[in-house]
There are 2 protein chains.
Amino acid sequence: MAQQPEAGRRAPLNKERVLRAGVALADDSGIESLSMRRLAQELGVVPMALYKHVPNKEQLLDGMADTVVAQIDLSASGSDWKDVVRRRVLSARRVLLRHRWASQVIESRTGPTPAVLEYLDSMIGTFRDGGFSVDLTHHAMHAMGSRLLGFSQELFDDSGSAGPNGGAEALAAMAAKYPRIAELAAGAAHDTASAVGRSCDDQFEFEFALDLLLDGLEKLHQRGWTSTGSGSGA
Amino acid sequence: MAQQPEAGRRAPLNKERVLRAGVALADDSGIESLSMRRLAQELGVVPMALYKHVPNKEQLLDGMADTVVAQIDLSASGSDWKDVVRRRVLSARRVLLRHRWASQVIESRTGPTPAVLEYLDSMIGTFRDGGFSVDLTHHAMHAMGSRLLGFSQELFDDSGSAGPNGGAEALAAMAAKYPRIAELAAGAAHDTASAVGRSCDDQFEFEFALDLLLDGLEKLHQRGWTSTGSGSGA
DNA sequence: ACCTGAACACCGTTCAAGT
DNA sequence: ACCTGAACACCGTTCAAGT
């Protein structure tokens, strides 16, 4: 984790080593503990030395995000655009799950990094090669949104939110206040026969939403939908 | 903007005034310039005074997010679940557009605030009242994702990204490198007759994706879809 | 010419000293 | 008992002094 903290004869620093150490530090200790000073220390180097390879912290984060996005496997190909999109997105998701801090950092970038541009370009190409018009492709990309990159904001996480102050009674109070949420959290399965116990499978939810979007796009495409005339759907 | 900077006789501080000042400061100067010290100064108060009303900065942000989410109009009702969901989500979007910092802050919260819980609860109720099973409602909420709260990560913004160093030639270089993106950015309309010039209408894109999801959910609902058996769609 | 320690202008938060 | 200035342990980044 700490790379050769002995003085002298450290490997010469370069941008790639700085970025890789940043990724490793964020992976291990969380993005909130990534500071220029801490990263320098991790590399056995004086803080100022980093500024030789990276202009400032913001561009360090750009580079780290790029490093992660570049890991997405874009090699999927074939005649079925839906399958190709699906495989790339699921590859993106696997990458982003390995670097939990990355979605937050990607979102906070002001502009897209080169790897993001490359990813978007290849994804647009898949829709176009599948016969989508430029117009529909444009809307499709927006519809996919952050799901394209393998993440989507989860607004709540339905694992037990029992804090330190009281478990059962706090949960009961919440159930009384927000009965619909409690109903969902209670199992999401007491009106189906067999799915009891599966409280929330993130992967399933992700693919459910992904397929909902892909199926909807497929229907629009088959129907020859364009943004002029048909309004907004149905 | 600066509230009574004259010394003496300032209105007594309370939590609500602190939160409102925080929201105003973030609206005016951006979330990155919201610091405890700066906020205190804005209120004509010593930094330590804030800690009487808010335990720390993180909970200040919780409170600010809550203040914003509480502004969403939940009064929409009727027998058409889709219309009700749509109206609430578009109200959420209007609120979030008034407070550009809010989506980022909401995402960065570790747990949902009371106003978010109330919003989610009422939205779940709308699906349930529309006849959705608990199971399908659960997946529907995940599928809507952050779009429920009126925002969705836009991974790129297709307005001209010509930086200070070179306009046209930089753009041409980008077009050569990412031809599919350039094609989309170039107008998104040269294969339709009349929509020339509308480069990207955020509101349209938002509603397009929203309706794609709502239409897909409607079809699943009509079909009596459940998560057991039918796999993941179509 | 290169490198780097000290310094600058900030942070969020603690704590002891003052009233 | 209450309030608050100074202090602590940090930041990112600049810059001048040292080699």
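Bear in mind these aren't lab numbers, they're just calculated from the coordinates by the rules spelled out. All of these numbers come straight from a predicted model, not from anything done at the bench. With ideal geometry, Cβ positions are generated from the backbone for all residues, glycine too; neighbour counts draw on all protein chains shown.
Summary of packing: across the peptides A:72-82, B:141-151, the per-residue average of other C-beta atoms within 10 Å ranks them, highest first, as B:141-151, A:72-82.
Separation of the alpha carbons by more than 19 angstrom is noted, of B:K15/B:K57; A:K82/A:K219; A:K15/A:K57; A:K177/B:K52; A:K82/B:K82, for A:K177/B:K52; A:K82/B:K82. Peptide A:105-112 is shielded by partner chain Cβ atoms: per residue, an average of 3 of them sit within 10 Å of its Cβ. Between copies, the label points of B:P47, set 7 Å from Cα on the Cα→Cβ line, lie 1.6 nm apart, reported in increasing order to one decimal in nanometres. Each peptide in B:214-220, A:85-91 gets a packing score, the mean of other Cβ atoms within 10 Å over its residues, and the list from highest to lowest is B:214-220, A:85-91.
Measuring from each Cβ of chain B to the axis carrying B onto A, the nearest residue and its distance in whole Å come out as B:G216, 2.
Position B:R86: other-copy label points at 2.9 nm, ordered by increasing distance, label point 7 Å along Cα→C-beta. The other copies place their B:K177 label points at 5.0 nm from this one, listed shortest first, where each point is 7 Å from Cα along Cα→Cβ.
Tell me whether the range A:12-55 comes out rounded, prolate or oblate; compute the Cα gyration tensor, take square roots of the eigenvalues as a ≥ b ≥ c, and use a/c under 1.5 as the rounded threshold. Verdict is prolate for the range A:12-55.
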